[in-house]
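Student: Quick one: this structure, given as structure tokens, is what I'll be asking you about.
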Amino acid sequence: MPKPLVWITVIAVGTAAYVAGAKAGHSRYREISHTAKSFWNDPAVKKARARTEKAAHKATKKAMKKIG
């Protein structure tokens, strides 16, 4: 697996294990979930996602031209 995918997997599993094992249980999960949603919906993050998506599409088109 590529390194970024490995790190994403490790973080996801670690987060799931933490939430499942936390003594605070569901309330801690809600707190983490709220923080993650707030971050994801932040205007700066939305702009960064849009720029990244645009760059990925551009790179894909460029690669497709080289291939075919």
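The values are calculated or read from the model by the stated rules, or taken from the named source; none is laboratory data. Worth saying up front: this structure is predicted, and the values here are computed from it rather than measured. Methodologically, a virtual Cβ is constructed for each residue, glycine included, from the backbone with ideal geometry; neighbour enumeration extends over all protein chains shown.
Student: Out of (1) modelled with pLDDT of 90 or more; (2) surrounded by 11 or more Cβ atoms within 10 Å (Cβ to Cβ); (3) under 12 Å from the mean Cα position of the chain (by Cα), what's the single condition that is false for F39?
Tutor: Of everything listed in (1) modelled with pLDDT of 90 or more; (2) surrounded by 11 or more Cβ atoms within 10 Å (Cβ to Cβ); (3) under 12 Å from the mean Cα position of the chain (by Cα), F39 misses just condition (2).
Student: A follow-up question, please. Can you report the number of residues in the range 1-24 which are surrounded by 10 or more Cβ atoms within 10 Å (Cβ to Cβ) and either closer than 17 Å to A36 by Cα or at pLDDT 75 or above (or both)?
Tutor: Of the residues in the range 1-24, 14 are surrounded by 10 or more Cβ atoms within 10 Å (Cβ to Cβ) and either closer than 17 Å to A36 by Cα or at pLDDT 75 or above (or both).
Student: Would you check if there is a residue in the range 15-24 being under 13 Å from the mean Cα position of the chain (by Cα) and free of Cβ contacts under 8 Å to residues at least 60 places away in the same chain? Even if it seems obvious, please write down each step before you answer.
Tutor: First pass over the range 15-24, keeping only residues under 13 Å from the mean Cα position of the chain (by Cα): 15.
Now narrow it down to the ones that are free of Cβ contacts under 8 Å to residues at least 60 places away in the same chain: 15.
Checked against the condition, which is being under 13 Å from the mean Cα position of the chain (by Cα) and free of Cβ contacts under 8 Å to residues at least 60 places away in the same chain, the range 15-24 yields at least one hit.
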